[in-house]
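Let me begin by presenting the structure, written as C-alpha coordinates, before commenting on it.
The values are calculated or read from the model by the stated rules, or taken from the named source; none is laboratory data. None of the values given here were measured: they were computed from a predicted structure. Heads up, the Cβs are rebuilt from the backbone with ideal geometry, glycines too, and the neighbour counts pull from every protein chain shown.
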Amino acid sequence: MSETLTSEVTKFFREKESVILFAGAGVSVQAGLPTWGGLLSKLAEVCKTQQPYLSRAIVESVGRSRYVAAATQYMSADIPKAEKYV
(Lines give C-alpha, C1' and ligand atoms only; values in the text may rest on other atoms or scores of the structure.)
Protein backbone atom coordinates (compact mmCIF):
# COMPACT_ATOMS: atom_id res chain seq x y z
CA MET A 1 0.00 0.00 0.00
CA SER A 2 1.40 3.40 -0.90
CA GLU A 3 2.28 5.88 1.83
CA THR A 4 -0.36 8.33 0.54
CA LEU A 5 -3.08 5.70 0.58
CA THR A 6 -2.02 4.54 4.04
CA SER A 7 -2.26 8.07 5.43
CA GLU A 8 -5.64 8.63 3.74
CA VAL A 9 -7.03 5.41 5.21
CA THR A 10 -5.62 6.28 8.64
CA LYS A 11 -7.17 9.76 8.46
CA PHE A 12 -10.53 8.29 7.41
CA PHE A 13 -10.63 5.91 10.40
CA ARG A 14 -9.59 8.60 12.86
CA GLU A 15 -12.38 10.93 11.70
CA LYS A 16 -15.16 8.36 12.12
CA GLU A 17 -16.93 7.64 15.39
CA SER A 18 -17.38 3.98 14.53
CA VAL A 19 -16.23 1.71 11.77
CA ILE A 20 -17.34 -1.77 10.77
CA LEU A 21 -14.80 -3.92 9.03
CA PHE A 22 -15.95 -6.71 6.72
CA ALA A 23 -13.22 -9.22 5.99
CA GLY A 24 -13.26 -12.08 3.55
CA ALA A 25 -12.52 -15.75 4.09
CA GLY A 26 -8.81 -15.21 3.60
CA VAL A 27 -8.55 -13.51 6.98
CA SER A 28 -10.04 -16.45 8.89
CA VAL A 29 -8.01 -18.99 6.91
CA GLN A 30 -4.83 -17.08 7.74
CA ALA A 31 -5.89 -17.28 11.40
CA GLY A 32 -6.01 -21.08 11.14
CA LEU A 33 -9.76 -21.56 10.82
CA PRO A 34 -11.06 -23.99 8.19
CA THR A 35 -12.72 -22.95 4.96
CA TRP A 36 -16.43 -23.77 4.56
CA GLY A 37 -15.48 -26.83 2.56
CA GLY A 38 -12.96 -27.91 5.18
CA LEU A 39 -15.43 -27.49 8.02
CA LEU A 40 -18.19 -29.36 6.21
CA SER A 41 -15.79 -32.17 5.32
CA LYS A 42 -14.94 -32.54 9.02
CA LEU A 43 -18.64 -32.62 9.86
CA ALA A 44 -19.14 -35.33 7.22
CA GLU A 45 -16.63 -37.40 9.20
CA VAL A 46 -18.85 -37.04 12.28
CA CYS A 47 -21.70 -38.66 10.31
CA LYS A 48 -19.55 -41.44 8.90
CA THR A 49 -20.07 -44.08 11.60
CA GLN A 50 -23.80 -43.57 12.18
CA GLN A 51 -24.99 -42.46 8.76
CA PRO A 52 -22.40 -43.30 6.11
CA TYR A 53 -24.80 -42.60 3.23
CA LEU A 54 -25.37 -39.09 4.54
CA SER A 55 -21.64 -38.60 5.04
CA ARG A 56 -21.06 -39.46 1.36
CA ALA A 57 -23.85 -37.07 0.30
CA ILE A 58 -22.26 -34.24 2.29
CA VAL A 59 -18.84 -34.95 0.77
CA GLU A 60 -20.39 -34.93 -2.71
CA SER A 61 -22.14 -31.61 -2.02
CA VAL A 62 -18.89 -30.10 -0.78
CA GLY A 63 -17.11 -31.41 -3.89
CA ARG A 64 -19.63 -29.52 -6.01
CA SER A 65 -19.25 -26.35 -3.87
CA ARG A 66 -22.86 -26.71 -2.69
CA TYR A 67 -22.10 -25.65 0.88
CA VAL A 68 -25.63 -24.68 1.89
CA ALA A 69 -26.87 -28.09 0.74
CA ALA A 70 -24.06 -29.82 2.67
CA ALA A 71 -24.83 -27.86 5.84
CA THR A 72 -28.56 -28.61 5.48
CA GLN A 73 -27.80 -32.29 5.05
CA TYR A 74 -25.65 -32.28 8.17
CA MET A 75 -28.31 -30.52 10.23
CA SER A 76 -30.83 -33.17 9.19
CA ALA A 77 -28.58 -35.99 10.39
CA ASP A 78 -29.97 -38.21 13.12
CA ILE A 79 -26.93 -37.99 15.38
CA PRO A 80 -26.97 -37.48 19.17
CA LYS A 81 -26.46 -33.79 20.01
CA ALA A 82 -23.40 -34.56 22.10
CA GLU A 83 -21.70 -35.91 18.98
CA LYS A 84 -23.32 -33.59 16.42
CA TYR A 85 -22.08 -30.30 17.83
CA VAL A 86 -18.40 -31.03 18.34
Conditions (1) assigned to a helix (DSSP H, G or I); (2) closer than 30 Å to Gly24 by Cβ -> Tyr53 fails only (2)
Unique match (being more than 17 Å from the chain's Cα centre (by Cα), at pLDDT 85 or above and at negative phi) among Leu39, Leu54, Leu21: Leu54
Candidate set: the stretch 57-77, residues that are part of a loop (DSSP other than H, G, I, E, B) and surrounded by fewer than 16 Cβ atoms within 10 Å (Cβ to Cβ); chosen: the one modelled with the lowest pLDDT: Ser76
Index of the failed condition, Pro80 passing every other in (1) surrounded by 10 or more Cβ atoms within 10 Å (Cβ to Cβ); (2) out of contact with any Pro (no Cβ under 8 Å at 6 or more places or on another chain): (1)
Looking at Gly38, Gly32, Gly26, which is the one that is without any contact (Cβ under 8 Å) to a residue 40 or more places away in the chain, part of a loop (DSSP other than H, G, I, E, B) and not hydrophobic (A, V, I, L, M, F, W, C)? Gly32
Let me confirm something: among Leu21, Leu33, Leu5, Leu40, which residue is touching a Ser or Thr at 6+ places or on another chain (Cβ under 9 Å) and of a type outside the set (Phe, Trp, Tyr)? Leu40
